[in-house]
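Accompanying notes for the structure given below.
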Amino acid sequence: MPPPAYAGPVETTWYYGFRLICAFIFIFLITPILIIVPLSFNVEPYFTFTQGMLAFDPDAYSLRWYEDFISNTQWTHSVQNSFIIAIAATVLATVLGTLAALGLSNANMPYRALTMGLLISPMIVPLIISAAGMYFFYSNIGLDQTYLGIILAHTALGTPFVVITVTATLVGFDHSLTRASANLGAGPTTTFFKITMPLILPGVISGALFAFITSFDEVVVVLFLAGFEQRTIPRQMWSGIREQISPTILAVATILVMISIALLATLELLRRRGERMRGISPG
Amino acid sequence: MKKILKTTLGSAAIAIASLAISGIATSAAQAGELNVVSWGGAYTASQMKAYHKPYTSKTGTKINSIDYSGGLAEMRAQTEANNVTWDVVDVVISDAITGCDEGMFRPIDIDKEMAKAPDGTPASKDFLDGTLQSECFVPLIIYSTVFAYRSDAWSGKKPTSINDVFDLKKFPGKRALQKSPVNNLEWALLADGVPLAKIYDVLDTDEGKDRAFAKLDTIKENVIWWTEGAIPPQLLADKEAVFGTGYNGRWFSAIAEEKQPFSMLWSGQVLDIDGYVVSAKSKNLDEAMKFLKFATDTQRLADQAKYISYGPARKSSGPMVSKHAELGIDMAPHMPTAYADQGFLTNFKWWADNADEMKERFAAWLLQ
Amino acid sequence: MTDQTAGGVVLAADGTPLKASLNRALRKSRIRALLLVAPLLLFILFSFLIPIFDMMFRSVDNWHVGTLMPKTSAALADWDGKALPEEPVFAALVADLQAGAKSREIGKVGRRLNYEKSGMRSMVVSSARKSKRLKNGPYKAKVLKMHKKWRDLETWTVIKRNTAPYTIGYYLNAVDMKYDKNGDIVMQNKNRRIYGKLFLRTFAISLAITVICVILAYPISFLLATLPLRYSNLLMIFVLLPFWTSLLVRTTAWIAMLQSQGVLNDLFVFFGFVAEENRLQLIHNLTGTIIAMTHILLPFMVLPLYSVMKTIPPTYMRAALSLGANPVVAFVRIYMPLTLAGIGAGSILVFILSIGYYITPALVGGTGGTLISNQIAYHMQSSLNWGLAGALGAILLFSVLGFYLLYNKIVGIDNMKLG
């Protein structure tokens, strides 16, 4: 877009100057994430572009780090762990969080603010402190170095997101719909599954996505609670960075970037669908 | 949307099912199995070849090898929770002493419960002098933390002692040191003219501590601090540093296997001992003791030295050390024990008392 | 449906008084709300809140001496602290040491006391070992011979102080203070003061990152808020993609960018900004920490700023301009004040997040860029001084809660938005 036609030289300079500044900031935001994609195809074990890569020599590129990733049992085991833990934690967090959000959105809920504060506290307390508390307590009751311990911890960290997103969906929720359903003779269960659930589903799913990514990305708690057996992808990356930096980490990172792009797209679709369903925006 | 929900629930069911299965797999070792914990990497690999495999083929007992990164954190947590899943653990001697004093490990009667040397020498006489420092600990190897340098860093000149590490004029360049006061304080005093035998006497005084930190001050600007054992060989290989401290086994593989242009500076090496302990509350105590007796006999300790350049802790194993199993190199000259007279043994008792204070002071010194 | 009346009381359809019926409905609805919230509340209580309280309890818990040396603790109760104790205390000590050596738990006492005074670990442990040989009294002379520290009055002061079931010792340690010889609270020796410095440093670095984030976020949020929707939605990806990308991935990416053989240094060398042998040290120091953390936290500043700016009608600025205001004046006087809420929300969010950061400083911070959380992790995993880790954690937690209350005042919990 060009500057408006009435702009003088000062305004024009400012107009382009401002856009240039913004461009630099956007570059700062996106470059590190994009740069690892080509680097992960480097045939050499370096973290930088080789002469061959810059000359687009096909021999300078290879899939060897991806092969390394797939053939290394530590990595594949960590992928399996990450999915087991994240899915279990997401299911738990979504069920518990959605129920609580339904309760919280009830106008008659006593001590609403206090309860809300307690429920979202896992999001506010710095991770290192949550990790410290869980580490001391869970090892006291024998839950450290178990899958169950990590799943419970990740569920706790994920529920605030579900509570917040579902509560937000319920703010725009028309309660006369459930009353109408009740008047027409539907029981509470039928009403929930036929009326409430479809309407809050976008909120539930985006909350679940947040819970999933929270668990999938979490490393501090895993660092303290997990034994060798329960290592997740971020935990494996952590020791990879600290001990032996190899471009395999870049291959893993690239795959994770692809996963986040997919999640981002899903969220965006959900948001649009939600707006359409509630008739807020036409498109 | 329903479909998404179904798939999610489906995968959740799978996740929970596999959880139940893996939950069983990570609990305490079953009867006829043992959980043996060690440092991972090449070191664990050498133990699996030398101890685990022969033991399993002899007794049929399955051994689950578990990796950890050292320290007593996990074992203390397991003991406090009364949920001990680790049976035999490979620890450094300082951790063995602390854990033994706090009742985490089982005391071992070394002569009654461990194997004699082939010539009938009782075990307590067969282990190298000074290695039996805790009643819960059976030594396996002697390793050392030692300096190495890039052979091509200074044309014509070669460092010969710790003094040269602290001599920035003669040997310029970065030094890669461990981010810990342990060993660094000793080296600083050594370079400041304190004789080997007097180091800990001097370090025990306030003036001695000040003196050590003052000496470290002289090279502080030229130090890269490392925290993981894999890092110093990388730093030297990348020419980020010219001197580095590291575990002798790591230097060995960099020099012998990766053909890096490094040389060892054995002078001033700090010897340390690594070995097995058995959890006091192990659920497989008898099996664990049987494994311990087998793994620490003369033949097994000598076998391990075929795969890694750490010196066996038994005198009777020494003459049996032969060539590297894959590289065919004579291993004897790569053993820290071959240069024992040029270095010294860490004073574990002194560090047990002073580590808390010295680590705080070291951290404060780094921040200055 | 409620138009029947009986004796002046409004009745519901089923004939009960309306007031009671309404009350019952209200109670029912309340109970239903509570029942819905209860599972999560209980879950959070057990999996999260109790662990946090457990951590805080550990930071004052001082069971070791009182539990493992019960006789000595009782015997020391009326010791005046002016001179070495008398025979009964020594007899009690020997009995406790013998019991501790037998149960093999005396090392825990040694560890606890060594936090207070270096050297007490080996004094306790070696004396316990030697105590097995002491068959009969009088014990005082024999114990004094076992270890020279028993002759030291301070040893006894330290032991007596730690017979109490609770201690503030860990908190003193966490703020660089200690008990001196006489049991008075003084500052720690200069060369051991570290935590105070680290707290200050953590706050300073967090503040710096917050300021940088405001400076970087302001222009792009403004651009995003003023561009037509189809452009801004596209540009929003630049903010949202980093936001959704794994923390470890972004940290790895910065290592690839910043290390001395990395992309940025290669570019600098290629363009001749720096010589090949003088590559810049951009990582494993403060610079690396600030760059990487700013990048990671920037979306948390952009999103609230953007949502505030989005609500400011462009007509305000136009009105000011058409009334003759200079564009700069109009911007500063009209637009900026309207965005203050967004700046406040974003700043507190970024600040709170950065004072608790652990992963990024640990990976790219080196020695210059470590924060207080790294020390907490160190005491949890390496030194195993869990009491001190708990004390440092509690101090950090309360500072965060303080800032959070501030956030709540400015923005309100309910207005927290995601994505």
Hey, among C:347, C:354, C:382, C:373, which residue is surrounded by fewer than 20 Cβ atoms within 10 Å (Cβ to Cβ) and assigned by TED's automatic domain parsing to the domain that holds residue C:199?
C:382
Counting only residues that are closer than 30 Å to residue C:262 by Cα, give me the helices (runs of 4 or more DSSP H) lying completely in region B:178-296 with at least 3 of them.
B:231-237, B:248-252
Please enumerate the residues belonging to region C:187-220 that are facing chain B (nearest Cβ under 8 Å), more than 21 Å from residue C:290 (Cα to Cα) and assigned to a helix (DSSP H, G or I).
C:191, C:192
Quick check: anything in region B:301-309 in a helix (DSSP H, G or I), buried (at least 20 other Cβ atoms within 10 Å of the Cβ) and within 17 Å of the chain's Cα centre (by Cα)?
yes
For region A:33-43, indicate whether the set of residues that are more than 28 Å from residue C:296 (Cα to Cα) and more than 10 Å from every other protein chain (Cβ to nearest Cβ) is non-empty.
yes
Looking at (1) surrounded by 13 or more Cβ atoms within 10 Å (Cβ to Cβ); (2) facing another protein chain (nearest Cβ under 10 Å); (3) within 30 Å of residue A:100 (Cβ to Cβ), which is the one condition that is false for residue C:22?
(2)
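Yes/no matrix, rows are residues, columns are (1) in a helix (DSSP H, G or I); (2) more than 8 Å from chain C (Cβ to nearest Cβ); (3) crowded, with 24+ Cβ neighbours inside 10 Å; (4) not polar (S, T, N, Q):
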site	(1), (2), (3), (4)
A:200	yes, yes, yes, yes
A:204	yes, yes, no, yes
A:213	yes, no, no, yes
A:239	yes, yes, no, no
A:242	yes, no, no, yes
A:249	yes, no, yes, yes
Which fully enclosed helices (runs of 4 or more DSSP H) of region C:222-288 have 3 or more residues being free of Cβ contacts under 8 Å to residues at least 40 places away in the same chain and under 30 Å from residue C:337 (Cβ atoms)?
C:229-244
Residue, nearest to the other protein chains (Cβ to nearest Cβ), within region A:157-181, restricted to residues that are free of Cβ contacts under 8 Å to residues at least 40 places away in the same chain and of a type outside the set (Asp, Glu)
A:168
Name the single residue, out of those in region C:253-288 being among the β-branched types (Val, Ile, Thr) and in contact with a Phe, Trp or Tyr (Cβ under 9 Å, 6 or more places away or on another chain), that is farthest from the other protein chains (Cβ to nearest Cβ).
C:274
Exactly one condition in (1) away from every other protein chain (no Cβ under 13 Å); (2) in contact with a Lys or Arg (Cβ under 8 Å, 6 or more places away or on another chain) is false for residue A:81; which is it?
(1)
Residues in region A:182-197: is at least one within 11 Å of chain C (Cβ to nearest Cβ), out of contact with any Cys (no Cβ under 9 Å at 6 or more places or on another chain) and buried (at least 18 other Cβ atoms within 10 Å of the Cβ)?
no
Would you check which residues across region C:356-383 are within 15 Å of the chain's Cα centre (by Cα) and within 7 Å of another protein chain (Cβ to nearest Cβ) and list them?
C:356, C:358, C:359, C:373, C:376, C:377, C:380
When both residues are 6+ apart or on different chains and their Cβ atoms are under 6 Å apart, which pairs have a first residue that lies in region B:157-177 and is in contact (Cβ under 8 Å) with a residue 24 or more places away in the chain, and a second that is of a type in the set (Val, Ile, Thr) and not in a loop (DSSP other than H, G, I, E, B)?
B:174/B:224; B:175/B:223; B:176/B:224; B:177/B:223; B:177/B:245
Determine whether residue C:232 is facing chain A (nearest Cβ under 10 Å), within 30 Å of residue A:212 (Cα to Cα) and either surrounded by fewer than 21 Cβ atoms within 10 Å (Cβ to Cβ) or among the hydroxyl-bearing types (Ser, Thr, Tyr) (or both).
no
Between C:122, C:103, which is within 11 Å of chain B (Cβ to nearest Cβ), out of contact with any Asp or Glu (no Cβ under 8 Å at 6 or more places or on another chain), within 17 Å of residue B:100 (Cα to Cα) and surrounded by fewer than 23 Cβ atoms within 10 Å (Cβ to Cβ)?
C:103
Do we have residue A:118 as modelled with pLDDT of 95 or more, at the interface with another protein chain (Cβ under 7 Å from one of its Cβ atoms) and surrounded by fewer than 24 Cβ atoms within 10 Å (Cβ to Cβ) here?
no
Only unsatisfied item for residue C:112, checking (1) within 14 Å of chain B (Cβ to nearest Cβ); (2) among the basic types (Lys, Arg); (3) free of Cβ contacts under 8 Å to residues at least 12 places away in the same chain; (4) closer than 28 Å to residue B:106 by Cα, is (3)
Please indicate, with yes or no, whether at least one residue in region B:96-108 is surrounded by fewer than 17 Cβ atoms within 10 Å (Cβ to Cβ) and either in a helix (DSSP H, G or I) or out of contact with any strand residue (DSSP E or B) (no Cβ under 7 Å at 6 or more places or on another chain) (or both).
yes
Could you please let me know if residue A:177 is over 28 Å from residue A:234 (Cβ atoms) and either modelled with pLDDT under 85 or crowded, with 23+ Cβ neighbours inside 10 Å (or both)?
yes
Please state which one of B:239, B:290 is touching a residue at least 40 places away in the same chain (Cβ under 8 Å), within 13 Å of another protein chain (Cβ to nearest Cβ) and not hydrophobic (A, V, I, L, M, F, W, C).
B:239
So, of the residues in region B:58-73 that are in contact (Cβ under 8 Å) with a residue 60 or more places away in the chain and of a type in the set (Ser, Thr, Tyr), which turns out to be nearest to the other protein chains (Cβ to nearest Cβ)?
B:61
Within the set of pairs 6 or more residues apart or between chains, which connect a residue that is within 14 Å of residue B:312 (Cα to Cα) and of a type in the set (Phe, Trp, Tyr) inside region B:113-136 to a residue that is crowded, with 20+ Cβ neighbours inside 10 Å and modelled with pLDDT of 90 or more with Cβ atoms less than 7 Å apart?
B:127/B:139; B:127/B:313; B:127/B:314
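The values are calculated or read from the model by the stated rules, or taken from the named source; none is laboratory data. Keep in mind it's a predicted model, so treat the numbers as computed, not measured. Don't worry about glycine lacking a Cβ; one is built from the backbone with ideal geometry, like all the others, and counts go over all protein chains shown.
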